[in-house]
Every structure is written in C-alpha cells, then in structure tokens.
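A.B. asks: Below is a structure I'd like to ask you about.
The values are calculated or read from the model by the stated rules, or taken from the named source; none is laboratory data. Source: prediction; values computed, not measured. Virtual Cβ from ideal backbone geometry, glycine too; neighbours counted across all protein chains shown. Heads up: the accessible areas ignore ligands, DNA and RNA and are worked out on the full protein's heavy atoms, side chains in. Shrake-Rupley method; radii C 1.70, N 1.55, O 1.52, S 1.80 Å.
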Amino acid sequence: MTNDMLDVWRESAKHWTKHSDTIHRMFVPLTRALIERAGIHHGQTVLDVAGGAGEPSLTIAETVGPEGSVTCTDAVAEMVGAARNEAQRRGLTNIHFRQCTGDSLPFADNSFDVVVSRLGVMFFPDSVVAMREMLRVLKPGGRLAFAVWGKSDVNPFCYLVTRVMDQHVKSPAADPDAPNAFRFAEPGKLTGVMAQAGAIDVEESVVTFDIEAPISAQQFWAMRSQTSDTLREKLSKLSADEQAQIAVEIEQAVKEFFPSNQMKFPAQLIIATGNKPS
C-alpha cells in the first residue's frame, strides 16, 4: 500500500471509529454469512485481514471461544487501536492485533485455520500478491473467505449517493482493476484471482440482506460523507452552499429507505471462498 493510500485511510480511521457502532450493526448479516461460509467454529485460529475498527474479528472471537483465537490486522495503526479498545471494552482475551498490510503478513507459514477479509480485498494494490500471502500463512487444507460489494446498480446504499454527487462533481471513468469498492463486483472476478494465486475449490455466492441501523437520512449522509475518502475529496472542492444543497438532495433521494426514520436498504454482496491445497 502506498504512503498516499495510507494517509487517506488514516484520515478515514477517525470517522470509521466514530461510526463504528452503526457500521457494525449494518453488516451483522454479512458477518454471520462470512463466518458460516468460512466454516469458522469453536477452537480455530483465524486471521482477519484489513479488519478495520474490529469487525468481523470481534464477532469471530466470540465464535471460536477461549480455546480458539483471532488475529485482527489492518494497515492503519488508528484502526488497530480502535479495534483493540473495543475488544478490551468487551472483555475479549482471545483476540490479538497487528498493524500490517495484506501483501506483507508478519506470520509464519501455515499458521491459521481460516483467513477472512470483510470488505477489504477490493482495496489491496496487487490482489494476486496479497492472495498468495494469505495462502502462505494458511494451514494446508485451510479456508479462505472474502466478502465484497456486488454491483453498484443493485445497491441503493451506494448508487443513490453516486447519482446525486454526479450532478455536482463529475467523476472520471474508473479503472475496473484499480482499488475501489466495486473492483470485484463482476461475478467470477474474485474467484479468478483466488485461483490464479493458488486456491482450490473456489466458489462464490450472492448474499442478500437489509442494511439496517437506527439512524435518520441526515445521519446516514453524515456517516457516508465522512467515512468515504472519495466523497470527502469531492465535497472539499465545493462551497458550503453546494454542500448544503447536496445534503438536501441526498436526504430526498434516500427517503424511501428510511421507514419510520430508520435506515433499511436492500443489499447484494458477494462471498467468495476457497481452500489451500493439502
């Protein structure tokens, strides 16, 4: 990961920490599905790559129990610190923390039963290199499981914001292979990378659920505009009046997904799994 990217994620970290309770709640169904597809169970050793402010590591720690353990990693020290603080608050003692990138893991070969990443692999600079590194630290016969966004146009949580922003700030055409949220939204793309890196028995499935949290449309926009480095950059180029106008337009655009003034977006994400050869 380049220094520029690290700087961006350091800036994002304080916002992700601020909204961590909401983000945790939003993706509870995805975390459950990831744990299920990864086959995580009591007593295992699990590595969570790009674990951010602590999920899914914290939930995995509860799943594997005191006889198991989970190691939560992230490239950004502030994210690791936030995850550690939350683990201490919950009294979890079977969770460990390391600051590192996905393409340079400071662990011995064949160390973990399972390696997971929830909404992280899309942002690795070289996904094949990172995938090979994750396979290296996985035990023979061990399991990989990754959750990524499905296509933007089936996720109103994403595309409604994009539509409004495009009316105010035009975005250049995105490189489909550059690190971005929808890098692996095309069916088969992530499993192809996994197979190229050496994983076997690769498969993927679509996970549908509702992104829910007890927040208003106004609070939704505050969270989205703060946690997204792309949105922060675009908004910084606009006047205060333009930013206020966008906020009004966003709240209008998303209002149908806030019944009783609480967020509920239908979502489609992808979980890809594979194994390390025995």
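A.B. asks: Based on Cβ point charges of +1 for Lys and Arg and -1 for Asp and Glu, what charge dipole magnitude is obtained for the chain about its Cα centre, in debye rounded to the nearest 20?
C.D. replies: Dipole of the chain, to the nearest 20 debye: 320 debye.
A.B. asks: Spin-label point model (7 Å from Cα, Cβ direction): what's the Glu62 to Gln252 distance in nm?
C.D. replies: Between Glu62 and Gln252, the label points sit 4.1 nm apart.
A.B. asks: Here is a follow-up. Work out, step by step, the length gained on full extension between Gln99 and Lys14: first 0.36 nm times the residue separation, then minus their alpha carbon distance; give nm to one decimal.
C.D. replies: Details: separation 85, 0.36 × 85 = 30.60 nm, distance 1.61 nm.
Contour length minus the Cα-Cα distance gives 29.0 nm.
A.B. asks: Something else about it: Calculate the translational D of segment 96-152 in whole µm² s⁻¹ from Stokes-Einstein, where the hydrodynamic radius comes from the Kirkwood formula applied to all Cα pairs, the temperature is 10 °C and the viscosity 1.306 mPa s.
C.D. replies: Numbers: Rh = 11.9 Å.
Translational diffusion coefficient: 133 µm²/s.
A.B. asks: Residue by residue, what Karplus-based ³J(HN,Hα) values in Hz, rounded to whole numbers, does segment 117-133 have, using 6.51, -1.76 and 1.60 with θ = phi - 60° and x for Gly and Pro?
C.D. replies: Taking θ as phi minus 60°, the curve returns 8, 10, 6, x, 5, 4, 9, 5, x, 10, 5, 5, 4, 5, 5, 5, 5 Hz for segment 117-133.
A.B. asks: Okay, next question. For segment 50-105 and segment 139-203, write down the distance between their C-alpha centroids in whole Å.
C.D. replies: 23
A.B. asks: What is the distance in Å between the Cα centroid of segment 237-274 and that of segment 27-47?
C.D. replies: One Cα centre to the other: 28 Å.
A.B. asks: Taking the full set of protein chains and a 1.4 angstrom probe, give the accessible area of Glu86 in square angstrom, rounded to the nearest 10.
C.D. replies: 40
A.B. asks: Leaving ligands, DNA and RNA out of it, work out the accessible area of Ile35 with a 1.4 Å probe and give it in Å² to the nearest 10.
C.D. replies: That residue has around 20 Å² of solvent-accessible surface.
A.B. asks: Along its principal axes, what span do the Cα atoms of segment 131-221 show, with the longest given first and each in whole Å?
C.D. replies: Rounded to whole Å, the extents work out to 49, 34, 20 Å.
A.B. asks: List the pairs from Lys18/Lys276; Lys18/Lys139; Lys151/Lys234; Lys14/Lys139; Lys189/Lys255; Lys151/Lys255 whose alpha-carbon separation is above 29 Å, in the order I gave them.
C.D. replies: On the way: Lys18/Lys276 37 Å; Lys18/Lys139 36 Å; Lys151/Lys234 22 Å; Lys14/Lys139 34 Å; Lys189/Lys255 33 Å; Lys151/Lys255 21 Å.
Violating the 29 Å limit, Cα to Cα: Lys18/Lys276; Lys18/Lys139; Lys14/Lys139; Lys189/Lys255.
A.B. asks: Local charge sum around Pro106 (other residues, Cβ-Cβ under 11 Å, Lys/Arg +1, Asp/Glu -1)? Spell out each step's value before the answer.
C.D. replies: Numbers: positive: Arg98; negative: Glu133.
Net charge in that neighbourhood comes out at 0.
A.B. asks: Considering only DSSP beta bridges whose two residues both sit in segment 53-168, what percent are antiparallel, to the nearest 5? Before the final figure, lay out each step's value.
C.D. replies: Details: 1 of 12 bridges.
Beta bridges within segment 53-168, antiparallel portion: roughly 10 percent.
A.B. asks: Kindly report, to the nearest 10 Å², the accessible surface of Lys189 as traced by a 1.4 Å probe over protein heavy atoms only.
C.D. replies: 60
A.B. asks: Just grab the label-to-label distance for Ser216 and Arg163, each label 7 Å out from Cα along the Cβ direction, in nm (one decimal).
C.D. replies: Between Ser216 and Arg163, the simple spin-label model gives 2.3 nm.
A.B. asks: Also, I was wondering about something else. Rounded to the nearest 500, what is the 222 nm mean residue ellipticity of the chain from helices alone, with -39500 (n - 2.57) per DSSP H run of 4+ residues and division by all residues? Let's see the in-between values first.
C.D. replies: Values: 11 runs with 121 residues, N = 278.
Rounded to the nearest 500, the figure is -13000 deg cm²/dmol.
A.B. asks: Further question: Starting with the highest mean, order 111-123, 200-212 by the number of other Cβ atoms within 10 Å, averaged over the residues of each peptide. Please list the in-between numbers first.
C.D. replies: Values: 111-123: 23.6, 200-212: 15.2.
Ranking the peptides 111-123, 200-212 by packing returns 111-123, 200-212.
A.B. asks: Nearest 10 degrees, 0 to 90: what angle lies between the long axis of helix 156-166 and the longest principal axis of the chain (Cα atoms)?
C.D. replies: Roughly 50 degrees, rounded to the nearest 10.
A.B. asks: Based on DSSP, what percent of beta bridges with both residues in the chain are antiparallel, to the nearest 5?
C.D. replies: On the way: 20 of 38 bridges.
Rounded to the nearest five, the antiparallel share is 55 percent.
A.B. asks: Now, a different point. Ranked from the most accessible area to the least, with a 1.4 Å probe and all protein chains present, what is the order of Lys139, Lys18, Lys276? Write out the running numbers ahead of the final one.
C.D. replies: On the way: Lys139 70, Lys18 135, Lys276 35 Å².
Reading off the accessible areas and sorting them downward yields Lys18, Lys139, Lys276.
A.B. asks: So how far apart, in nm, are the two label points at Asp21 and Ser171 if each is 7 Å from Cα heading toward Cβ?
C.D. replies: Here the answer is 3.0 nm between the modelled labels.
A.B. asks: Under 5 Å between amide H atoms, partner at least 5 residues away or on a different chain: which partners does Phe97 have, H built in plane at 1.01 Å?
C.D. replies: Cys72
A.B. asks: Please report, in whole Å, how far the alpha carbons of the chain spread along each principal axis, starting with the longest.
C.D. replies: Computed over the chain, the largest-to-smallest principal extents equal 58, 40, 35 Å.
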